[in-house]
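For reference, the structure discussed in these notes is given below.
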Amino acid sequence: LPQPVTPELLVSPSSQDGDLGSECPEDRGNWTGRLDFLLSCIGYCVGLGNVWRFPYRAYTNGGGAFLVPYFIMLAICGIPIFFMELSLGQFSSLGPLAVWKISPLFKGVGMGTILIVSLVAIYYNMIIAYVLFYLFASLTSDLPWQHCGNWWNTELCLDHHILKAGNITFPVNITNTVSPSEEYWSRYVLHIQGSSGIGDPGRIRWNLCLCLLLSWTIVYLCILKGVKSSGKVVYFTATFPYLILMMLLIRGVTLDGAWKGIRFYLTPQFDHLLSSKVWIEAALQIFYSLGVGFGGLLTFASYNTFHQNIYRDTFIVTLGNAITSILAGFAIFSVLGYMSQELGVPVNQVAKAGPGLAFVVYPQAMTMLPLSPFWSFLFFFMLLTLGLDSQFAFMETIVTAVTDEFPYYLRPKKASFSAAICIVLFLMGLILTTEGGMYWLVLLDDYSAGFGLMVVVITTCLVVTRVYGMKRFCRDIHMMLGFKPGPYFRACWMLLSPATMMALLVYNIVKYQPSEYGSYRFPTWAEVLGILMGVLSCLMIPVGMVVAVLREEGTLWEVGVQQASRPTLDWGPSLQENRTGMYVASLAGSQSPKPLMVHMRRYGGITSYENTAIEVDREIEEEEESMM
């Protein structure tokens with residue numbers, strides 16, 4: 001008698017050779033360690049903004065009272081969108097472009113994301129180049145920005161060390177003076193006096209150019225083998241900053257006047273909570289600090305195994321990011337308090353945000369400490385590791401997005417393709433190494449990831465909940481994690497998160513202010529160029545819609561739009577063993593018109609995930625019966 005043939009779909013993976021690692025496509029690659037994904041997400045989210053933006057935002061928006069809107073916005077906007085991005089990436093095992101098989105009509109959202117990330121990667125690596133410059137400059141017995149009297153200094157330079165040695169009583173009128181660290185930054189590192197504005201970039205600063213080349217070389221070597229190499233690097237780059245931060249914090253709080261700065265940082269001013277600006281600032285800090293919308297979270301999650309507990313990871317990363325920001329504020333303001341006491345001026349006169357804090361104020365504070373080169377080296381090494389993690393994510397997002405679109409051509413040549421991307425972005429960033437490069441960096445920083453990024457995130461949230469369907473999305477998560485998201489997540493996805501982000505978008509448009517750098521005001525053509533950068537990423541959405549509709553046959557609305565808005569036939573988990581319920585019918589070779597439970601694991605029997613699959617199948621069958 002002929003032996004019965006078991007359908008291929010019902011063969012248990014245990015009957016095939018392999019191990020648990022077979023749960024991810026080998027040709028695409030996957031994380032090789034248990035902590036690779038978690039540490040990569042922590043490194044991606046905990047970046048330069050935690051050090052040079054959060055502390056300044058906190059003290060200007062109510063001090064300790066700012067933590068109230070900060071954590072409320074984290075709960076309403078940060079955690080839900082973070083979890084949504086991770087869920088989309090892990091469920092589909094696809095990058096920011098290919099993931100729009102969920103609704104091809106909106107593939108332009110992925111195109112907009114890649115455009116935004118590419119622009120950010122260009123100027124973000126320039127910031128890393130500045131950090132490398134200062135890191136090398138710290139390898140000396142005397143910091144070069146410690147004293148006046150260098151060729152780049154002017155008559156306005158005021159050296160507090162000389163004043164202190166001469167027993168001159170503080171406070172001194174420092175209104176029309178400039179610190180040595182500020183002149184070192186502007187006149188030596190940037191050599192900005194050689195440029196009259198953004199339209200006059202001047203000559204290339206070759207020392208900065210070499211630092212930029214070095215930073216791109218480091219990034220390439222770390223992403224050479226995709227997540228298999230970057231996933232190992234983050235074991236150092238994601239954890240070592242915490243060691244340095246704790247060292248700086250302990251050193252800071254033991255300085256004279258440290259508590260003056262900390263008190264200034266955290267003294268609650270609850271009257272600020274009545275201002276809408278404070279709530280908007282809190283939402284903006286959450287939005288950019290967690291890195292939602294840039295595609296990095298989705299990309300990292302796409303390399304997970306299908307049942308990775310991203311629900312737990314979401315809370316670990318988001319809450320860890322918030323705590324890190326608060327700790328960084330203590331480390332920064334304790335030193336600023338000491339600095340203000342040394343100079344005899346209020347803390348608010350030395351407190352700055354952004355590059356002004358990292359490359360002017362904090363380096364100046366380092367010169368006041370014993371062993372100043374040592375503390376300066378530690379500080380800039382911390383900034384280097386913080387910046388590299390985020391840059392890894394940006395590059396992995398770009399490379400993964402394009403290789404997932406052309407897997408047969410680009411995946412075998414991923415290393416070469418990554419090198420090509422790094423070279424192109426390096427060449428595009430050369431203008432940032434010129435004497436007027438800081439003007440271009442400010443323009444990119446202000447506009448590349450502004451309202452365009454918000455439009456991308458709002459559209460993603462609306463498409464997943466309204467077009468794809470909240471019920472179906474929750475069912476996908478149930479299939480993947482074994483439980484459905486609770487009322488908190490569903491309420492945020494349906495209403496609270498998109499409403500908050502729309503409020504942010506409207507606020508940014510209504511309160512629009514032209515870019516500026518110090519006293520320099522950007523010309524009109526530069527403002528228009530910046531606005532076009534933001535608008536271009538938004539235009540990708542309607543362009544993608546037109547392309548998707550034109551690919552469909554039939555009338556515009558009845559067939560084109562409706563068909564293009566539905567998931568493609570191959571949408572769903574990437575592996576056969578993870579495709580249950582409604583996703584089985586889309587697999588090649590499936591003969592059953594009804595949902596099948598085919599997720600039989602190598603150990604045989606029924607596991608918790610098989611029970612989940614059975615429950616999902618039962619729900620679908622009940623829905624079909626109720627519709628008949």
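Summary table below
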item	result
The chain - accessible surface per residue (Å², probe 1.4 Å)	42
Ordering of 153-159, 490-496 by packing [mean C-beta count within 10 Å, highest first]	490-496, 153-159
Built amide H within the under 5 Å cut-off of Thr434, gap 5+	Arg205
Computed [θ] at 222 nm, deg cm²/dmol, the chain (DSSP H ≥ 4; -39,500 (n - 2.57); rounded to nearest 500)	-18000 deg cm²/dmol
Cα extents of the range 80-124 along the three principal axes, largest first (Å)	32, 23, 17
The range 44-62 residues near the modelled Tyr242 label - backbone nitrogen below 15 Å, point 7 Å along Cα→Cβ	44-47
Neighbour-limited loop hits for chymotrypsin sites (Phe, Trp or Tyr not before Pro), the range 56-104 (at most 11 other Cβ within 10 Å; DSSP other than H, G, I, E, B)	none
On Cα atoms only, tilt of 437-447 relative to the major axis of the chain in degrees	40
Summed side-chain charge close to Val178 - residues other than Val178 whose Cβ falls under 13 Å, Lys, Arg +1, Asp, Glu -1	-3
Relative packing of 339-352, 296-309, which averages over residues the other C-beta atoms within 10 Å, highest first	296-309, 339-352
More than 16 Å apart - percent of Cα-Cα pairs taken over the range 234-307	74
Cut-off 15 Å between beta-carbons: net charge of the residues surrounding Trp145, Lys and Arg +1, Asp and Glu -1	-3
C-alpha long axis of helix 240-253 to longest principal axis of the chain, angle in °	40
Average projection area in nm² (convex hull over Cα atoms of the chain, one quarter of hull surface)	32.3
Contour excess over end-to-end distance, with Cα ends at Phe483 and Leu319 and 0.36 nm allotted per residue	56.8 nm
Residue order for His272, His478 - accessible surface, 1.4 angstrom probe, largest first	His272, His478
Within straight-line cross-link reach of Lys107, lysines at Cα separation under 22 Å, skipping those fewer than 8 residues along the same chain	Lys471
Anchor Lys228: lysines whose Cα lies under 16 Å away (excluding residues fewer than 8 positions away in-chain)	Lys413, Lys414
Exposure of Ile431 as accessible area (Å², to 10), given a probe of 1.4 Å and all protein chains	60
Exposure of Asp36 as accessible area (Å², to 10), given a probe of 1.4 Å and all protein chains	0
For the range 380-508, with +1 on Lys and Arg beta carbons and -1 on Asp and Glu, the positive-most of Met395, Leu383, Gly429 along the dipole	Met395
FRET efficiency, Lys101 to Trp525 (Cβ-Cβ, R0 45 Å, nearest 0.05)	0.65
Lysines with Cα under 29 Å of Lys277, excluding same-chain neighbours fewer than 8 positions away	Lys260, Lys352, Lys511
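The values are calculated or read from the model by the stated rules, or taken from the named source; none is laboratory data. Note that the structure is predicted; figures quoted are calculated from it, not measured. Virtual Cβ from ideal backbone geometry, glycine too; neighbours counted across all protein chains shown. Ligands, DNA and RNA are excluded from the accessible area calculation, which covers all protein heavy atoms including side chains. Shrake-Rupley method; radii C 1.70, N 1.55, O 1.52, S 1.80 Å.
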